[in-house]
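To start, the structure itself, in structure tokens.
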């Protein structure tokens, strides 16, 4: 099994799925599931393998290098398993839709592109796979037609700007060092000047910042997440956006190297400190914008932007604990945002696409498995002990506090409180409260939707109670970047300044919970009543109206909404409008009137004659 | 008042707790509601007996019907009574729940509350003063001691009879019967 | 040894918490110039609630309440109580996050009640929590930065050696800010917003009856205990009284005296809070948030700046 075999399976599988779809849809579905699961199996069999393979017949005369180390492996396994779960989820979600062959082709193509990105060992293949991924994403965002076309346009314009910046960076590296190979470049870059490194960091950060939705460059994300198909949202939010994180880690710790990045600048103007503050602003502002949303998918979209800030803060602080926290948070966030989008997708599937939070309610009685999935997802998002988000957030907080960055720690902690507010809003408006009359006969979620939800919930709990499973891999990534190793056990992290021992917490919660449950059972048995036998001061309960969802956090949202306009979106729209006006006025040169064309020629000849008379150039 | 007798607590803690912790549904109906704020505030302090008002019937154990009951209020009273958790006690203040009182010949008040919900005791008067309400509470303690304050059990056993009375007044009721054949 | 510490601290916390509820009602009554209920009245109430048959709206209605009470008990296990600290893991951050379990459990449970009163109550509870978390986080960060540790046991131990945090110069402003937001953390007037009986029919507890109400009362008692215990541990030196207990700190007498001193400090703070409770009406939620984000936030922010510059 070699690396190029994996990529051939991935790409070939995508195109074969499309052709099988022309024959029969069941064949296509089975084949898509088999291909995605096969990729998971192949990648998981390469655990702890390090291989780097060069192809000398490469693209345009440059050598292509494919490389697998612990860093690539971590991202590859996350990408392939989340894609496999999304494809299983799509089996029911895309039933009865049009152009499903195209959908599966694009999903598998994006999967293959992302695998290519993490396996690429030289910058040309990195760029090629990056472009394949971006273009496939654009096509799949616009799958829904309607408002998603505008969202896709916004995405592709911003992504292209990012790709062009990356091309500039790659070209400058080639011009300086005459090679595209990442390992060779990383050896040579450490001897260049600070100014060149700063240029590299900024130009690549624009690309990866656009992809990862860091604060000034995030404006494509809310519309894109809101308008694409929910089953594609799983891949989009899970791993595609986090390709930007892969890029940041590749840039800062593989190409440039930890020592140069962490020493760039002095006292408060250090590059990593400023970048951490950008990450902190990315935590706070989108988290509070998510509170104001009425659309469930936009809420999750702004939440995804906010959580990306945690990852940025984690990796830019520059300690091994922070780096491990940031990388671990990438995986955790992928798991629970996929889980939340799947829960939302199950609800949309049964209600015919309803995603307005004010029109839903009370679905816990009808779809209990989806509710449990959403609850565990919320637990992970907030960072409750026992869920995996807690461990990664704990690591980030601890490193911020102990390294002496209390204001950054404050930003991160307040982000969690904003998280609690919008997570509860999400789960309350959809699952709790009163069930509207028109959804009285909703059926449960189908098996192919319930299965990924259950698997991901179990993953959250297992990674929360036994975080050592993932932390061992993350620790190896940290040591490969040159940081010191953490003392990682299966149940947590030991260090002299405060041990995290998740088994303690888990055992305490379990035992105390069982005791209290036994006391609960020993008391008088409770009477079950339905939602219409409720306190209303002696009046009858009005159906559909006895529910508080509109303006849920009202006094607070009124206080903060004037300050939370998305000024970057307004700014970019203004620029786009001005460019459009400029292009419009430039178009007016072509008047279509032959007389004006003759006048242009005569004017130009007159200018040439004037120049000859005056300065005698020709 | 035998709140301090520990051996009685050990023998039957549920009964003693019911006596000394009445949470009253703050259901304000009729003329008697003007007597309730003096009853629970600083001058005639009801909290020293463990009586406090609560907002919802789900948390309550004592229902004070403080005056005349119009047919419109009776619907709310029945709903509220059915929402209270068992064991629960009902005490009616004034003469109107007993026999109609001052409004015996009115077209929209009811003359006998016991036909619609079970009443454990009446405190006569028009309106009874807070001291009379205290004496009524001590009588209720005696009834609880003798196991005679069983209005909620009567409601459960004779529910058909009570429901028939309610339906005679209202015609078809908006809510289903509280006790069906299985869970009596 | 550890098992006995676990059981002892849970039981003591439960008893002290319920004692605080009764003490609150008695002191309020005496301030109102009336006799008031006996101090054991909450015990009578809880016994009565357990003997009633409550209603349930579904499985999360039950599970949420169990979850929230579990969360409160688990926090007690992680807090230093006198000299005992049964479990320790990850320090103050873990405690801060375990304190989230209780409101979330009540929020889930009351959400299934499908009553808008409970939804309003929960939204106000979370908004109030956001309100006091801003100054509280700044205060906690100041304490953690000043002592260079995230472990609460370490902070208490350092205070035993170097004096109360309230008295050490960089942390005075943070201590004052913490005292200003303590009524909001405990949920007593003027910040008794989420459980307001008159405005929203007791908020999340609107459909709780019988054993559910008993659990909710016990959870409220434990929440008060946790709030005051955190303040005493962080700023008033925990179990120690200016270092006089240092020589006998590891004997049984030392532990018992430590617990007694800890409880005396808690009772004093609690009585001061009850005095505040007696004279204020309730704020509206926007008034509460504006208050919490004005002076306490300013004081704690300056406190954090002082600590950062001091180090």
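Count of segment B:20-44 residues, restricted to those that are more than 21 Å from residue C:202 (Cβ to Cβ) and surrounded by fewer than 21 Cβ atoms within 10 Å (Cβ to Cβ), is 6.
Taken together, the residues in segment A:33-72 that are part of a loop (DSSP other than H, G, I, E, B) and surrounded by 14 or more Cβ atoms within 10 Å (Cβ to Cβ) amount to 5. For segment B:14-117, no strands (runs of 3 or more DSSP E) sit wholly inside it while including 3 or more residues that are free of Cβ contacts under 8 Å to residues at least 24 places away in the same chain. Given C:94, C:134, C:122, which one is surrounded by 24 or more Cβ atoms within 10 Å (Cβ to Cβ) and either at pLDDT 95 or above or out of contact with any strand residue (DSSP E or B) (no Cβ under 8 Å at 6 or more places or on another chain) (or both)? Unique residue meeting the criteria: C:122.
Residue B:17 passes every criterion in (1) surrounded by 19 or more Cβ atoms within 10 Å (Cβ to Cβ); (2) more than 8 Å from every other protein chain (Cβ to nearest Cβ) apart from (2). Scanning segment A:363-387 for residues that are within 21 Å of the chain's Cα centre (by Cα) and in a helix (DSSP H, G or I) yields a total of 10. With a requirement of 2 or more residues that are closer than 30 Å to residue C:112 by Cβ, the helices (runs of 4 or more DSSP H) lying completely within segment A:526-618 that satisfy it span A:554-560.
I'd like the full set of residues that are free of Cβ contacts under 8 Å to residues at least 24 places away in the same chain and either touching a helix residue (DSSP H, G or I) at 6+ places or on another chain (Cβ under 6 Å) or assigned to a helix (DSSP H, G or I) (or both), limited to segment B:139-172. Matches in segment B:139-172: B:139, B:142, B:143, B:153, B:160, B:161, B:163, B:164, B:167, B:168. Taken across segment C:235-248, residues that are over 21 Å from residue C:99 (Cβ atoms), in a helix (DSSP H, G or I), modelled with pLDDT of 85 or more and more than 14 Å from chain A (Cβ to nearest Cβ) do not occur at all. Any residue at all in segment C:57-73 that is in contact with a strand residue (DSSP E or B) (Cβ under 8 Å, 6 or more places away or on another chain) and in a helix (DSSP H, G or I)? Checked segment C:57-73: at least one residue is in contact with a strand residue (DSSP E or B) (Cβ under 8 Å, 6 or more places away or on another chain) and in a helix (DSSP H, G or I).
Screening residue A:493 with (1) in contact (Cβ under 8 Å) with a residue 12 or more places away in the chain; (2) in a loop (DSSP other than H, G, I, E, B); (3) within 14 Å of another protein chain (Cβ to nearest Cβ) gives one miss only, at (2). Helices (runs of 4 or more DSSP H) fully within segment C:109-203 that include at least 1 residues being free of Cβ contacts under 8 Å to residues at least 24 places away in the same chain and within 14 Å of chain A (Cβ to nearest Cβ): C:116-147, C:152-162, C:197-200. Among residues of segment A:250-261 that are without any contact (Cβ under 8 Å) to a residue 60 or more places away in the chain, those with a beta-carbon under 8 Å from a residue that is crowded, with 18+ Cβ neighbours inside 10 Å at least six positions away or on a different chain give the pairs A:251/A:200; A:251/A:201; A:251/A:204; A:251/A:205; A:251/A:208.
How many residues does segment A:292-322 hold that are in a helix (DSSP H, G or I) and over 24 Å from residue A:235 (Cα atoms)? Total satisfying the criteria: 5.
The values are calculated or read from the model by the stated rules, or taken from the named source; none is laboratory data. Everything quoted here is computed from the prediction, not taken from an experiment. Please note: Cβ atoms are built from the backbone with ideal geometry, for glycine as well, and neighbour counts cover all protein chains shown.
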